[in-house]
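The values are calculated or read from the model by the stated rules, or taken from the named source; none is laboratory data. Since this is a predicted model, take the numbers as computed values, not measurements. Neighbour counts are summed over all protein chains in view; Cβ atoms, including those assigned to glycine, are modelled from backbone coordinates with ideal geometry. We work out accessible area using only protein heavy atoms, side chains counted, and drop any ligands, DNA or RNA first. Shrake-Rupley method; radii C 1.70, N 1.55, O 1.52, S 1.80 Å.
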Amino acid sequence: MKLEDYTEPIKKCSQCNFCQAVCPVYKAQESENWLARHRLNLIGEVFFDKTMPASDRFKDIIGKCLLCTSCTQYCSSRVPVDEIIISAREKIIEGEKGLSSIKRGIMTKAFKEKGARNIMIKAGSFAQKLGLGSDSPKFTSKPFEERVKDIVHAKETKKGVVAYYYGCGTNLMYPETGEALVNILSSQGYDVIVPKDTTCCGIPVIAEGEIADAAEMMRKNIEVLSKLECDKVLMECSSCMMMFMKKSPKLFAADDPIQEKITALNNKIVGGIGFLNTVFTEKVSGKTAPSFTYHIPCHKDKFSADKLDVVNLVSKVTKTEYKAMENPELCCGAGGTYYMNNRDISKKIRSPKIEEIKNSKAEVVLTECPICKFYLKNGMPDMDVLHPIEFIYQSTK
Amino acid sequence: MSSIGKDLRKILSSEQVLDLPEDVSAYANDATFYVAKKNPDAVVFPASTEEISSIIKYAASNKIPVVPRGAGSGLAGGCTPVHGGIVIDMKRINKIIEIDQKNLVAVVESGLVLEKFVKTVEGMKLFYPPDPQSAEVCTIGGNIATRAGGPRGVKYGTTERYVTGIEVVMPNGDVINPGGRFVKQSSGYDLTHLFTGSEGTLGVITKGILRLLPLPPAKKTIVVTCVSADQAAEIVSEIIARGAVPAVLEFLIKLAVMAINGYLTPPIPLTGEAYLLMEVDGNEAQVELESEEIKAVCNELGAVDIRIVTDKAECETYWYARSRLYPLMTTIFKRVITEDITVPRNKIPELVKAMQAISTSVGIGIGIAGHAGDGNMHPTILQSEVSEEVARKADKAIEEMIKVCLELQGTISGEHGIGIHKSSFLELEHGPKQVEIMKSIKRTLDPLGIMNPGKIWKENGGKA
């Protein structure tokens, strides 16, 4: 994922400007300088044609992309906009010193090191440490990995063995999501391996342009997960899943031997929701649950035919009512750590989402992404925002 | 900060003005690569007609060019600043002011996105037919300014047929409101339609009063696989000759079908060289009758396959896929130029043959994927490489296409407008006398020449 790899793809932009229809930052800012088309044109001018300097304003425009991938998913010319932005950010930070690089350094270390993930909690809120204020997530005092055994055995007749890769959001913020998944799986007859020597999927650091660090993290994950003897590898976070399935092959050279392992592993990776949809093939007599609406995280394939698989699953296993939002695929504005640095833009993006949630009249909001979950809850403290697996677990246990 | 930017910040809030080069270059082009880029000095984001009037008064007193802009998704360079100056981004003026069901009209602000408007009226069982294929981004103001249209042109015509009134900020800052909510008007010159299609050269359109129709209760999509482009063209002529009026009648070559197939389940089988994609609409009986008649024509003329789709959601996938065709083409080719020459409908077979001949003689690929039903064929120049030689060939092909189109008594633009892209050909179609009338209208309404200069006709052809 070097900018040079995108010499041809960047030219595929047909300039149609259809990215206006889906870019959340554009919708909040209402001016075309925040659009994918313009960012691609600027990157072309600065780094390929070299007709413009990498000015502060240029860096700002590239920096304010939320990396939600809405435009990339929507683009009929199939320009990998998010990857081009990430590799441009790598160019921008090359040789950059000062506060921003120190911040990045701390962050990378925190996500990279297993131990540091825990140090982060003990030291209090990591984000607050970085001076990012009261809107930062609160971390749990006992992370998921300390709550669960390395292998949780099937409680029913064994149907198979799965591994579960838990993301940082689940581990540090919402361990109950991981516990719910492990409990459902074991009670459905699966041995669940929880490999604790994995690390972060790398998305928080790649977003900053630290591609080499993300690759290092991913390499470790792939090595660990490839060795496991299991039928499937499950993930419940849409962003982790995107990193493994879509970005990991691009983090390494084409002739890197890791590519073979990536291909083999990706054939085994399945989303938690997708997997449970194969476990619960028929409607079961679940408990009555509150009515729900569903927010599709951006890093899921949010324009695909399968985008409402959560609704399908929840409707099968609980007695509840789905109250659709008008545009379930609208971004919530969080974008990982984006909202910490771009508070106004993120809030502007979030407000129509909150309106839609309220208009749906649902009692609970479901979403898979821990950051969406945090940021939506932050914007509507009286509303229950849950991971769908947690919701299912509560109404089936 | 530019001096123009500084002045504009006295008229508007600073949040409504952009003048850094890294920002304003976003407004240097539209959806074309073939129009030279030129940055504006400033971009403004007015929130009201009054603010636009103040901006124009400032521009007039300083003789600064003004370019109104919708979504920047045009295909002719209509909204790009040839001489710098001020680009007015209209998209923040975007309210639906009223939907008047008793009179079947809507009053809207010009920055309103077409798709939002269409969804709103359809939710009320009303219908606004114009359907440029960029509906999710393009604005009503941009549609009015270019007389934009799309596949439904064959039955429903294009935007101008639905404009019954407008609000315009004139080049001196005055605000006028020609037209109204009536279905007919026989008083005085038709100023409403003088501004409709004027591409921002006569003033800034700030509101539109738009005619609505009742939403047809039934529709069907028909996909016809044809042996050849010639056969498809003959089928089109025959359907029209027999009096069947599909709401949409699209012509696609195999390559275009290959491109859109990714969006279709099941994909269209690639057993023919040309394809027709149709929609019939109306009441149930009418839809049934017309689809049977079309089927009969296709069978009589030996079409390979006829697929009739009735499921509403499935029908929509075809039209969504069709609307993606322009950006999809760049996944196959390095560059594409979509033309919109339009001929009388009985000339379609001749046009198709001529395009094939031009492709061979000039030595450049020309794809055809157009609104055959209304004669607007969208021959598309397909470039597998980027070089000066290929660019020259593309220019040559466009020139020849235009010649052929005019020989066939067609028009050089059916729905994109002239902008910069086809300004050198305007006189070929209209002749010097008509062009001089246009220029004299321009001189009368915009004596300082500040409104979107450099558009519609070549500047070296005489200053307006």
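Data for the structure
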{"read-out": "Lone qualifier among B:Y318, B:Y275 - being away from chain A (no Cβ under 14 Å), in a strand (DSSP E or B) and among the hydroxyl-bearing types (S, T, Y)", "value": "B:Y275"}
{"read-out": "Lone qualifier among B:E50, B:E22, B:E15 - being surrounded by fewer than 19 Cβ atoms within 10 Å (Cβ to Cβ), within 14 Å of chain A (Cβ to nearest Cβ), of a type in the set (D, E) and not in a strand (DSSP E or B)", "value": "B:E15"}
{"read-out": "Answer from B:V154, B:V168 - the residue that is in contact (Cβ under 8 Å) with a residue 24 or more places away in the chain, more than 14 Å from chain A (Cβ to nearest Cβ) and either among the charged types (D, E, K, R) or assigned to a helix (DSSP H, G or I) (or both)", "value": "B:V154"}
{"read-out": "Complete set of residues in region B:21-41 that are more than 13 Å from B:V82 (Cα to Cα), free of Cβ contacts under 8 Å to residues at least 60 places away in the same chain and out of contact with any Phe, Trp or Tyr (no Cβ under 6 Å at 6 or more places or on another chain)", "value": "B:P21, B:D23, B:A26"}
{"read-out": "Whichever residue in region B:118-136 is free of Cβ contacts under 8 Å to residues at least 24 places away in the same chain and over 15 Å from B:V154 (Cα atoms) and, among such residues, is surrounded by the fewest Cβ atoms within 10 Å (Cβ to Cβ)", "value": "B:G123"}
{"read-out": "Checking A:S291 against (1) of a type outside the set (V, I, T); (2) within 30 Å of A:V25 (Cα to Cα); (3) modelled with pLDDT of 95 or more, the condition it does not meet", "value": "(2)"}
{"read-out": "Region A:46-81: number of residues that are among the acidic types (D, E) and open to solvent by less than 10 Å² (accessible area, probe 1.4 Å)", "value": "0"}
{"read-out": "Tabulated pairs, region A:141-166, first farther than 14 Å from A:D197 by Cβ and open to solvent by less than 80 Å² (accessible area, probe 1.4 Å), second in a strand (DSSP E or B) and among the aliphatic types (A, V, I, L, M), C-beta under 6 angstrom, 6+ apart or interchain", "value": "A:V152/A:V192; A:V162/A:V192; A:V162/A:L234"}
{"read-out": "B:V82 vs. criteria within 29 Å of B:F425 (Cβ to Cβ) and surrounded by fewer than 24 Cβ atoms within 10 Å (Cβ to Cβ)", "value": "yes"}
{"read-out": "Tabulated pairs, region A:270-286, first farther than 16 Å from A:H387 by Cβ, second exposed (fewer than 15 other Cβ atoms within 10 Å of the Cβ), C-beta under 6 angstrom, 6+ apart or interchain", "value": "A:G286/A:K319"}
{"read-out": "Test: A:I296 is outside any loop (DSSP other than H, G, I, E, B) and either of a type outside the set (D, E) or surrounded by 16 or more Cβ atoms within 10 Å (Cβ to Cβ) (or both)", "value": "no"}
{"read-out": "Leading residue by the ranking (farthest from B:R181 (Cα to Cα)) among those in region B:102-117 that are assigned to a strand (DSSP E or B) and open to solvent by 10 Å² or more (accessible area, probe 1.4 Å)", "value": "B:V113"}
{"read-out": "Residue count, region B:86-100 (criterion: touching a residue at least 24 places away in the same chain (Cβ under 8 Å) and farther than 22 Å from A:Q29 by Cα)", "value": "3"}
{"read-out": "Any hit, region A:362-380, residues being over 28 Å from A:L181 (Cα atoms) and open to solvent by 20 Å² or more (accessible area, probe 1.4 Å)", "value": "no"}
{"read-out": "Test: B:E98 is surrounded by fewer than 16 Cβ atoms within 10 Å (Cβ to Cβ) and within 11 Å of another protein chain (Cβ to nearest Cβ)", "value": "no"}
{"read-out": "Helices (runs of 4 or more DSSP H) wholly inside region A:7-105 containing at least 1 residues that are among the hydroxyl-bearing types (S, T, Y) and over 29 Å from B:N261 (Cα atoms)", "value": "A:24-29, A:81-93"}
{"read-out": "Selection status of A:K319, open to solvent by 50 Å² or more (accessible area, probe 1.4 Å) and touching a Gly at 6+ places or on another chain (Cβ under 8 Å)", "value": "yes"}
{"read-out": "Among (1) in contact with a helix residue (DSSP H, G or I) (Cβ under 7 Å, 6 or more places away or on another chain); (2) assigned by TED's automatic domain parsing to the domain that holds B:L255; (3) in a helix (DSSP H, G or I) - the single one B:S291 does not satisfy", "value": "(1)"}
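Listed here are the residues, each with its yes/no results for (1) of a type in the set (S, T, N, Q); (2) closer than 16 Å to B:N376 by Cβ; (3) assigned to a helix (DSSP H, G or I).
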{"residue": "B:E250", "(1), (2), (3)": "no, yes, no"}
{"residue": "B:L255", "(1), (2), (3)": "no, no, yes"}
{"residue": "B:A259", "(1), (2), (3)": "no, no, yes"}
{"residue": "B:G262", "(1), (2), (3)": "no, no, yes"}
{"residue": "B:T265", "(1), (2), (3)": "yes, no, no"}
